[in-house]
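Comments concern the structure below.
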Amino acid sequence: MRRLHRDFSTTAAVAGMLAVIVSYAGSAVLIFQAARLAGLSDELTTSWIWAVSIGSGLTGLLLSWRMRMPIITAWSTPGAALLITMLPGVPFAQAVGAYIASAVIITVIGLTGSLDVIMRRIPIAVSSGMFAGILFSFGAKVFTSVAASPLLGLSMLFCFMLFRRICPRYAIAAVLVCGTVIAALTGMLHVDTVHFALARPVFTAPEWSTAVIVSIGLPLALVTLTGQYISGMAVLHASGYPVVSNGIMTVTGITSLLLAPFGSHAINLSSLTAAICTGKESHEDPARRYIAGMVCGGLYILVGLSGTALTSLFAALPSVFIAVLAGLALMSAFATGLYGVFKDSDNMDAGVIAFLATASGMEFLGLGAPFWGLAFGTLAYVVLKK
(Lines give C-alpha, C1' and ligand atoms only; values in the text may rest on other atoms or scores of the structure.)
Protein backbone atom coordinates (compact mmCIF):
# COMPACT_ATOMS: atom_id res chain seq x y z
CA MET A 1 0.00 0.00 0.00
CA ARG A 2 2.89 2.36 0.70
CA ARG A 3 4.25 1.76 -2.78
CA LEU A 4 0.82 2.37 -4.33
CA HIS A 5 0.55 5.65 -2.44
CA ARG A 6 4.04 6.68 -3.54
CA ASP A 7 3.55 5.76 -7.20
CA PHE A 8 0.01 7.13 -7.58
CA SER A 9 -0.40 10.10 -9.92
CA THR A 10 -3.39 12.02 -11.20
CA THR A 11 -2.22 11.76 -14.79
CA ALA A 12 -1.99 7.96 -14.62
CA ALA A 13 -5.45 7.77 -13.05
CA VAL A 14 -6.87 10.01 -15.79
CA ALA A 15 -5.22 7.82 -18.44
CA GLY A 16 -6.89 4.74 -16.94
CA MET A 17 -10.24 6.51 -16.88
CA LEU A 18 -9.84 7.62 -20.51
CA ALA A 19 -9.10 4.04 -21.54
CA VAL A 20 -12.39 2.93 -19.99
CA ILE A 21 -14.35 5.75 -21.63
CA VAL A 22 -12.90 4.97 -25.06
CA SER A 23 -13.64 1.25 -24.60
CA TYR A 24 -17.29 1.60 -23.69
CA ALA A 25 -18.08 4.54 -25.92
CA GLY A 26 -16.49 2.78 -28.88
CA SER A 27 -16.16 -0.99 -29.10
CA ALA A 28 -18.94 -1.80 -26.60
CA VAL A 29 -21.39 -0.62 -29.24
CA LEU A 30 -20.37 -3.65 -31.32
CA ILE A 31 -21.48 -5.98 -28.52
CA PHE A 32 -24.90 -4.35 -28.30
CA GLN A 33 -25.27 -4.50 -32.08
CA ALA A 34 -24.30 -8.18 -32.24
CA ALA A 35 -26.67 -9.02 -29.38
CA ARG A 36 -29.56 -7.17 -31.00
CA LEU A 37 -29.06 -8.81 -34.41
CA ALA A 38 -28.83 -12.24 -32.74
CA GLY A 39 -32.08 -11.61 -30.88
CA LEU A 40 -30.56 -11.99 -27.41
CA SER A 41 -32.67 -10.95 -24.43
CA ASP A 42 -31.78 -7.95 -22.28
CA GLU A 43 -30.74 -10.36 -19.53
CA LEU A 44 -28.25 -12.17 -21.79
CA THR A 45 -26.92 -8.87 -23.16
CA THR A 46 -26.38 -7.50 -19.65
CA SER A 47 -24.65 -10.73 -18.67
CA TRP A 48 -22.39 -10.39 -21.72
CA ILE A 49 -21.39 -6.85 -20.65
CA TRP A 50 -20.91 -8.06 -17.06
CA ALA A 51 -18.65 -10.93 -18.15
CA VAL A 52 -16.34 -8.94 -20.43
CA SER A 53 -16.15 -6.08 -17.90
CA ILE A 54 -15.33 -8.27 -14.90
CA GLY A 55 -12.86 -10.33 -16.93
CA SER A 56 -11.10 -7.27 -18.33
CA GLY A 57 -11.03 -5.61 -14.92
CA LEU A 58 -9.67 -8.53 -12.93
CA THR A 59 -6.97 -9.49 -15.42
CA GLY A 60 -5.84 -5.90 -16.03
CA LEU A 61 -5.79 -5.08 -12.31
CA LEU A 62 -3.87 -8.19 -11.28
CA LEU A 63 -1.41 -8.23 -14.19
CA SER A 64 -0.59 -4.52 -13.84
CA TRP A 65 0.07 -4.97 -10.12
CA ARG A 66 2.03 -8.20 -10.52
CA MET A 67 4.19 -7.02 -13.45
CA ARG A 68 4.40 -3.32 -12.49
CA MET A 69 3.50 -2.40 -16.06
CA PRO A 70 0.35 -0.87 -17.57
CA ILE A 71 -1.10 -4.18 -18.78
CA ILE A 72 -4.45 -3.16 -20.25
CA THR A 73 -6.82 -5.99 -21.06
CA ALA A 74 -10.21 -5.76 -22.74
CA TRP A 75 -12.65 -7.73 -24.83
CA SER A 76 -11.89 -8.62 -28.43
CA THR A 77 -13.08 -5.74 -30.62
CA PRO A 78 -12.49 -7.59 -33.94
CA GLY A 79 -14.15 -10.61 -32.32
CA ALA A 80 -17.27 -8.56 -31.53
CA ALA A 81 -17.27 -7.24 -35.10
CA LEU A 82 -17.05 -10.83 -36.36
CA LEU A 83 -20.02 -11.86 -34.22
CA ILE A 84 -22.21 -9.16 -35.78
CA THR A 85 -22.25 -11.21 -38.96
CA MET A 86 -21.77 -14.74 -37.55
CA LEU A 87 -23.93 -14.83 -34.40
CA PRO A 88 -27.41 -14.33 -35.94
CA GLY A 89 -29.10 -17.67 -36.51
CA VAL A 90 -26.76 -19.59 -34.19
CA PRO A 91 -28.16 -20.95 -30.90
CA PHE A 92 -26.49 -19.02 -28.12
CA ALA A 93 -25.51 -22.21 -26.26
CA GLN A 94 -23.58 -23.38 -29.33
CA ALA A 95 -21.94 -19.96 -29.60
CA VAL A 96 -20.80 -20.36 -25.97
CA GLY A 97 -19.23 -23.69 -26.95
CA ALA A 98 -17.36 -21.88 -29.74
CA TYR A 99 -16.18 -19.21 -27.25
CA ILE A 100 -14.75 -21.95 -25.04
CA ALA A 101 -12.97 -23.58 -27.99
CA SER A 102 -11.44 -20.22 -28.94
CA ALA A 103 -10.28 -19.66 -25.34
CA VAL A 104 -8.63 -23.09 -25.25
CA ILE A 105 -6.69 -22.34 -28.45
CA ILE A 106 -5.41 -19.03 -27.10
CA THR A 107 -4.50 -20.57 -23.72
CA VAL A 108 -2.47 -23.32 -25.40
CA ILE A 109 -0.60 -20.76 -27.52
CA GLY A 110 0.08 -18.78 -24.35
CA LEU A 111 1.42 -21.79 -22.47
CA THR A 112 3.75 -22.74 -25.31
CA GLY A 113 5.02 -19.18 -25.85
CA SER A 114 4.56 -19.43 -29.62
CA LEU A 115 3.56 -15.79 -30.03
CA ASP A 116 6.84 -14.54 -28.56
CA VAL A 117 8.81 -16.58 -31.09
CA ILE A 118 6.93 -14.78 -33.86
CA MET A 119 7.34 -11.35 -32.24
CA ARG A 120 11.11 -11.75 -31.87
CA ARG A 121 11.43 -12.23 -35.63
CA ILE A 122 9.51 -9.06 -36.51
CA PRO A 123 11.69 -5.93 -37.00
CA ILE A 124 11.00 -2.92 -34.79
CA ALA A 125 10.13 -0.80 -37.83
CA VAL A 126 7.41 -3.25 -38.89
CA SER A 127 5.77 -3.58 -35.46
CA SER A 128 6.03 0.18 -34.91
CA GLY A 129 4.53 0.84 -38.35
CA MET A 130 1.59 -1.42 -37.55
CA PHE A 131 1.22 0.33 -34.19
CA ALA A 132 1.17 3.79 -35.80
CA GLY A 133 -1.25 2.57 -38.48
CA ILE A 134 -3.72 1.37 -35.83
CA LEU A 135 -3.73 4.84 -34.25
CA PHE A 136 -3.78 6.86 -37.47
CA SER A 137 -7.55 6.84 -37.96
CA PHE A 138 -8.13 8.01 -34.42
CA GLY A 139 -5.80 10.96 -34.87
CA ALA A 140 -7.46 11.84 -38.17
CA LYS A 141 -10.91 11.78 -36.55
CA VAL A 142 -9.89 14.70 -34.35
CA PHE A 143 -10.10 16.91 -37.43
CA THR A 144 -12.88 15.19 -39.37
CA SER A 145 -15.10 15.44 -36.27
CA VAL A 146 -14.73 19.21 -36.10
CA ALA A 147 -17.18 19.69 -38.97
CA ALA A 148 -19.93 17.90 -37.02
CA SER A 149 -19.57 20.22 -34.01
CA PRO A 150 -17.08 23.04 -34.58
CA LEU A 151 -17.55 24.64 -31.15
CA LEU A 152 -16.97 21.44 -29.19
CA GLY A 153 -14.20 20.05 -31.41
CA LEU A 154 -12.21 23.27 -31.80
CA SER A 155 -12.52 24.14 -28.10
CA MET A 156 -11.12 20.76 -27.08
CA LEU A 157 -8.31 21.04 -29.66
CA PHE A 158 -7.36 24.55 -28.53
CA CYS A 159 -7.49 23.47 -24.87
CA PHE A 160 -5.11 20.61 -25.68
CA MET A 161 -2.63 22.93 -27.39
CA LEU A 162 -2.78 25.46 -24.57
CA PHE A 163 -2.19 22.96 -21.79
CA ARG A 164 0.51 21.14 -23.76
CA ARG A 165 2.30 24.49 -23.69
CA ILE A 166 1.78 25.46 -20.04
CA CYS A 167 1.16 22.14 -18.23
CA PRO A 168 1.64 19.14 -20.56
CA ARG A 169 1.08 16.43 -17.93
CA TYR A 170 -2.51 17.53 -17.38
CA ALA A 171 -3.41 18.37 -20.98
CA ILE A 172 -5.75 15.40 -21.48
CA ALA A 173 -7.42 15.91 -18.09
CA ALA A 174 -8.06 19.54 -19.05
CA VAL A 175 -9.52 18.47 -22.41
CA LEU A 176 -11.82 16.03 -20.61
CA VAL A 177 -13.17 18.75 -18.30
CA CYS A 178 -13.41 21.32 -21.09
CA GLY A 179 -15.32 18.99 -23.42
CA THR A 180 -17.72 17.85 -20.70
CA VAL A 181 -18.58 21.43 -19.70
CA ILE A 182 -19.14 22.56 -23.29
CA ALA A 183 -21.23 19.47 -24.10
CA ALA A 184 -23.41 20.12 -21.03
CA LEU A 185 -23.84 23.85 -21.79
CA THR A 186 -24.78 23.20 -25.42
CA GLY A 187 -27.28 20.44 -24.62
CA MET A 188 -25.19 17.66 -26.19
CA LEU A 189 -24.88 15.68 -22.95
CA HIS A 190 -27.96 13.42 -22.89
CA VAL A 191 -28.07 12.49 -19.21
CA ASP A 192 -31.78 11.61 -19.49
CA THR A 193 -30.77 8.32 -21.14
CA VAL A 194 -28.78 7.18 -18.10
CA HIS A 195 -30.36 4.43 -15.99
CA PHE A 196 -28.97 2.36 -13.13
CA ALA A 197 -29.40 -1.34 -12.47
CA LEU A 198 -27.28 -4.03 -10.86
CA ALA A 199 -25.98 -6.75 -13.16
CA ARG A 200 -27.34 -10.29 -12.92
CA PRO A 201 -25.05 -12.74 -14.72
CA VAL A 202 -26.83 -15.52 -16.58
CA PHE A 203 -25.17 -18.94 -16.93
CA THR A 204 -25.61 -20.67 -20.30
CA ALA A 205 -24.57 -24.32 -20.50
CA PRO A 206 -22.43 -24.80 -23.63
CA GLU A 207 -23.51 -27.02 -26.48
CA TRP A 208 -20.96 -28.46 -28.88
CA SER A 209 -21.35 -28.11 -32.63
CA THR A 210 -18.41 -28.83 -34.90
CA ALA A 211 -19.81 -26.53 -37.58
CA VAL A 212 -20.21 -23.61 -35.14
CA ILE A 213 -16.74 -24.17 -33.64
CA VAL A 214 -15.22 -24.09 -37.15
CA SER A 215 -17.30 -21.10 -38.32
CA ILE A 216 -17.11 -19.01 -35.12
CA GLY A 217 -14.55 -20.46 -32.68
CA LEU A 218 -11.55 -20.70 -35.02
CA PRO A 219 -12.08 -17.29 -36.71
CA LEU A 220 -12.65 -15.72 -33.28
CA ALA A 221 -9.32 -17.07 -32.04
CA LEU A 222 -7.54 -15.95 -35.22
CA VAL A 223 -8.85 -12.35 -35.26
CA THR A 224 -8.20 -12.04 -31.51
CA LEU A 225 -4.60 -13.19 -31.94
CA THR A 226 -3.86 -11.00 -34.96
CA GLY A 227 -6.02 -8.01 -34.09
CA GLN A 228 -5.44 -7.85 -30.33
CA TYR A 229 -2.47 -9.82 -28.97
CA ILE A 230 0.06 -9.07 -31.70
CA SER A 231 -0.84 -5.39 -31.87
CA GLY A 232 -1.07 -5.22 -28.07
CA MET A 233 2.44 -6.63 -27.70
CA ALA A 234 3.63 -4.15 -30.34
CA VAL A 235 2.19 -1.31 -28.23
CA LEU A 236 4.02 -2.51 -25.11
CA HIS A 237 7.30 -3.02 -26.95
CA ALA A 238 7.05 0.37 -28.69
CA SER A 239 6.49 1.99 -25.30
CA GLY A 240 9.63 0.39 -23.85
CA TYR A 241 8.17 -2.63 -22.03
CA PRO A 242 10.03 -5.78 -23.24
CA VAL A 243 7.43 -8.15 -21.82
CA VAL A 244 6.76 -11.68 -23.09
CA SER A 245 3.25 -12.72 -23.97
CA ASN A 246 2.93 -16.24 -22.56
CA GLY A 247 1.93 -15.23 -19.02
CA ILE A 248 -0.53 -12.58 -20.23
CA MET A 249 -2.10 -14.91 -22.80
CA THR A 250 -2.41 -17.73 -20.28
CA VAL A 251 -4.15 -15.55 -17.69
CA THR A 252 -6.53 -13.93 -20.18
CA GLY A 253 -7.17 -17.25 -21.95
CA ILE A 254 -8.15 -19.03 -18.72
CA THR A 255 -10.32 -16.04 -17.73
CA SER A 256 -12.07 -16.20 -21.11
CA LEU A 257 -12.63 -19.92 -20.56
CA LEU A 258 -14.25 -19.39 -17.15
CA LEU A 259 -16.45 -16.47 -18.23
CA ALA A 260 -17.57 -17.85 -21.61
CA PRO A 261 -20.74 -19.48 -20.14
CA PHE A 262 -21.78 -16.00 -18.96
CA GLY A 263 -21.45 -14.53 -22.45
CA SER A 264 -17.82 -13.38 -22.68
CA HIS A 265 -16.59 -13.98 -26.22
CA ALA A 266 -12.89 -13.20 -25.47
CA ILE A 267 -10.75 -11.40 -22.91
CA ASN A 268 -7.38 -10.36 -24.32
CA LEU A 269 -4.52 -7.89 -24.32
CA SER A 270 -5.68 -4.50 -25.54
CA SER A 271 -3.90 -2.39 -28.13
CA LEU A 272 -5.88 0.83 -28.62
CA THR A 273 -6.65 1.61 -24.99
CA ALA A 274 -3.23 0.32 -23.95
CA ALA A 275 -1.66 3.10 -26.02
CA ILE A 276 -3.44 5.65 -23.84
CA CYS A 277 -1.93 4.20 -20.64
CA THR A 278 1.58 3.33 -21.81
CA GLY A 279 2.62 6.76 -23.14
CA LYS A 280 4.18 9.79 -21.45
CA GLU A 281 0.77 11.36 -20.86
CA SER A 282 0.20 8.63 -18.28
CA HIS A 283 3.45 9.46 -16.47
CA GLU A 284 6.96 10.55 -17.38
CA ASP A 285 8.36 7.61 -15.42
CA PRO A 286 7.50 4.31 -17.18
CA ALA A 287 7.83 2.47 -13.86
CA ARG A 288 4.84 4.39 -12.44
CA ARG A 289 2.45 3.92 -15.36
CA TYR A 290 1.16 0.64 -13.93
CA ILE A 291 -1.19 2.78 -11.84
CA ALA A 292 -3.11 3.55 -15.05
CA GLY A 293 -3.61 -0.18 -15.61
CA MET A 294 -4.87 -0.69 -12.07
CA VAL A 295 -7.28 2.26 -12.28
CA CYS A 296 -8.54 1.00 -15.64
CA GLY A 297 -9.07 -2.49 -14.21
CA GLY A 298 -10.90 -1.16 -11.16
CA LEU A 299 -13.26 0.92 -13.29
CA TYR A 300 -13.97 -2.06 -15.55
CA ILE A 301 -15.04 -4.04 -12.48
CA LEU A 302 -17.26 -1.14 -11.36
CA VAL A 303 -18.95 -1.10 -14.75
CA GLY A 304 -19.46 -4.85 -14.60
CA LEU A 305 -21.08 -4.72 -11.17
CA SER A 306 -23.29 -1.83 -12.23
CA GLY A 307 -24.71 -3.65 -15.22
CA THR A 308 -25.59 -1.27 -18.03
CA ALA A 309 -25.65 1.83 -15.79
CA LEU A 310 -22.24 3.24 -16.63
CA THR A 311 -22.51 1.92 -20.17
CA SER A 312 -25.56 4.12 -20.69
CA LEU A 313 -23.64 7.00 -19.11
CA PHE A 314 -20.86 6.63 -21.67
CA ALA A 315 -23.47 6.40 -24.41
CA ALA A 316 -24.83 9.78 -23.25
CA LEU A 317 -21.60 11.49 -24.32
CA PRO A 318 -21.63 12.98 -27.84
CA SER A 319 -19.71 11.08 -30.47
CA VAL A 320 -17.62 14.15 -31.33
CA PHE A 321 -16.46 14.35 -27.71
CA ILE A 322 -15.32 10.71 -27.74
CA ALA A 323 -13.59 10.97 -31.13
CA VAL A 324 -11.64 14.12 -30.28
CA LEU A 325 -10.74 12.95 -26.77
CA ALA A 326 -9.48 9.58 -28.00
CA GLY A 327 -7.48 11.11 -30.85
CA LEU A 328 -5.76 13.67 -28.64
CA ALA A 329 -5.04 11.11 -25.92
CA LEU A 330 -3.35 8.85 -28.49
CA MET A 331 -1.29 11.55 -30.19
CA SER A 332 1.93 10.87 -28.28
CA ALA A 333 1.52 7.13 -28.77
CA PHE A 334 1.15 7.71 -32.51
CA ALA A 335 4.36 9.76 -32.48
CA THR A 336 6.12 6.91 -30.64
CA GLY A 337 5.08 4.50 -33.39
CA LEU A 338 6.35 6.79 -36.14
CA TYR A 339 9.60 7.30 -34.27
CA GLY A 340 10.09 3.53 -34.13
CA VAL A 341 9.68 3.30 -37.91
CA PHE A 342 12.33 5.92 -38.66
CA LYS A 343 14.64 4.91 -35.80
CA ASP A 344 15.06 1.46 -37.36
CA SER A 345 16.40 3.07 -40.53
CA ASP A 346 17.64 -0.21 -42.03
CA ASN A 347 14.06 -1.49 -42.22
CA MET A 348 12.27 1.82 -42.73
CA ASP A 349 10.72 0.84 -46.08
CA ALA A 350 9.15 -2.27 -44.56
CA GLY A 351 7.89 -0.18 -41.64
CA VAL A 352 6.27 2.36 -43.96
CA ILE A 353 4.54 -0.44 -45.87
CA ALA A 354 3.25 -1.88 -42.57
CA PHE A 355 1.99 1.57 -41.57
CA LEU A 356 0.18 2.22 -44.86
CA ALA A 357 -1.44 -1.21 -44.99
CA THR A 358 -2.68 -0.93 -41.41
CA ALA A 359 -3.85 2.67 -41.76
CA SER A 360 -5.80 1.75 -44.92
CA GLY A 361 -8.28 -0.23 -42.82
CA MET A 362 -8.32 -3.04 -45.37
CA GLU A 363 -10.17 -6.27 -44.68
CA PHE A 364 -9.46 -9.37 -46.73
CA LEU A 365 -10.24 -13.05 -46.21
CA GLY A 366 -11.96 -12.17 -42.95
CA LEU A 367 -8.77 -10.70 -41.45
CA GLY A 368 -8.37 -7.08 -40.38
CA ALA A 369 -5.86 -4.39 -41.28
CA PRO A 370 -3.43 -4.99 -38.34
CA PHE A 371 -2.82 -8.54 -39.58
CA TRP A 372 -2.26 -7.43 -43.17
CA GLY A 373 -0.04 -4.55 -42.07
CA LEU A 374 2.11 -7.03 -40.21
CA ALA A 375 2.02 -9.50 -43.10
CA PHE A 376 2.94 -7.01 -45.84
CA GLY A 377 5.56 -5.34 -43.65
CA THR A 378 7.19 -8.68 -42.85
CA LEU A 379 7.04 -9.71 -46.52
CA ALA A 380 8.75 -6.46 -47.50
CA TYR A 381 11.42 -7.08 -44.85
CA VAL A 382 12.08 -10.58 -46.18
CA VAL A 383 12.26 -9.42 -49.83
CA LEU A 384 14.38 -6.34 -49.17
CA LYS A 385 16.75 -7.73 -46.50
CA LYS A 386 16.72 -11.51 -46.63
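The values are calculated or read from the model by the stated rules, or taken from the named source; none is laboratory data. Bear in mind that the values here come from a model prediction, so they are computed numbers and not experimental data. Here the Cβ is made from the backbone with ideal geometry for all residues, glycine too, and neighbour counts use every protein chain on show. We work out accessible area using only protein heavy atoms, side chains counted, and drop any ligands, DNA or RNA first. Shrake-Rupley method; radii C 1.70, N 1.55, O 1.52, S 1.80 Å.
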In this structure, does Gly55 turn out to be touching a Phe, Trp or Tyr at 6+ places or on another chain (Cβ under 7 Å), of a type outside the set (S, T, N, Q), open to solvent by less than 10 Å² (accessible area, probe 1.4 Å) and assigned to a helix (DSSP H, G or I)?
no
Which members of segment 147-167 meet the condition of being in contact (Cβ under 8 Å) with a residue 60 or more places away in the chain and either buried (at least 18 other Cβ atoms within 10 Å of the Cβ) or under 22 Å from Met17 (Cβ atoms) (or both)?
Ser149, Leu152, Gly153, Met156, Leu157, Phe160
Any pair with Cβ under 7 angstrom, 6 or more apart, that starts in segment 342-354 at a residue that is aromatic (Phe, Trp, Tyr) and ends at one that is at pLDDT 85 or above
Phe342/Met348
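With the requirement that a residue be open to solvent by 10 Å² or more (accessible area, probe 1.4 Å) and either of a type in the set (Asp, Glu) or in contact (Cβ under 8 Å) with a residue 40 or more places away in the chain (or both), what does segment 75-85 give you? If you could, list the steps in order and put the result at the bottom.
First pass over segment 75-85, keeping only residues open to solvent by 10 Å² or more (accessible area, probe 1.4 Å): 77-78, 81-82, 84-85.
Once the filter is applied, which keeps residues that are open to solvent by 10 Å² or more (accessible area, probe 1.4 Å) and either of a type in the set (Asp, Glu) or in contact (Cβ under 8 Å) with a residue 40 or more places away in the chain (or both), segment 75-85 yields Thr77, Pro78, Ala81, Leu82, Ile84.
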Just one of (1) closer than 24 Å to Val251 by Cβ; (2) open to solvent by 30 Å² or more (accessible area, probe 1.4 Å) trips up Ile49, so point out which.
(2)
Output the number of the condition that Leu82 fails; it satisfies all remaining conditions of (1) within 30 Å of Ala380 (Cα to Cα); (2) among the hydrophobic types (A, V, I, L, M, F, W, C); (3) out of contact with any helix residue (DSSP H, G or I) (no Cβ under 6 Å at 6 or more places or on another chain).
(3)
Given the conditions (1) open to solvent by 10 Å² or more (accessible area, probe 1.4 Å); (2) modelled with pLDDT of 80 or more, and given that Gly377 satisfies all but one, which numbered condition is not satisfied?
(1)
Checked segment 86-108 for anything more than 21 Å from Leu269 (Cα to Cα) and either under 19 Å from the mean Cα position of the chain (by Cα) or open to solvent by 10 Å² or more (accessible area, probe 1.4 Å) (or both); matches are Met86, Pro88, Gly89, Val90, Pro91, Phe92, Ala93, Gln94
Positions within segment 240-268 being surrounded by 24 or more Cβ atoms within 10 Å (Cβ to Cβ) and farther than 17 Å from Thr107 by Cβ, in sequence order:
Gly263
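Kindly indicate the residue of segment 54-84 that is hydroxyl-bearing (Ser, Thr, Tyr) and modelled with pLDDT of 90 or more and also farthest from Arg200 (Cα to Cα) among those meeting that condition.
This residue is Ser64.
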Return the residue satisfying two criteria in turn: it lies in segment 272-292 and is closer than 30 Å to Tyr99 by Cα and in contact with a Phe, Trp or Tyr (Cβ under 8 Å, 6 or more places away or on another chain), and of such residues it is surrounded by the most Cβ atoms within 10 Å (Cβ to Cβ).
Ala275
Mind listing whichever residues of segment 118-150 are assigned to a helix (DSSP H, G or I), within 20 Å of Val181 (Cα to Cα) and touching a helix residue (DSSP H, G or I) at 6+ places or on another chain (Cβ under 7 Å)?
Val142
Suppose we filter Pro70, Pro88 for residues that are more than 17 Å from Gly263 (Cβ to Cβ) and either in contact (Cβ under 8 Å) with a residue 24 or more places away in the chain or outside any helix (DSSP H, G or I) (or both); which single one remains?
Pro70
Flag for Phe136 being under 22 Å from Ser282 (Cα atoms), at pLDDT below 85 and open to solvent by 30 Å² or more (accessible area, probe 1.4 Å):
yes
Quick check on Leu317: is it open to solvent by 70 Å² or more (accessible area, probe 1.4 Å) and among the aliphatic types (A, V, I, L, M)?
no
Checked against (1) open to solvent by less than 20 Å² (accessible area, probe 1.4 Å); (2) under 17 Å from Leu272 (Cα atoms), Thr336 satisfies every condition except (1)
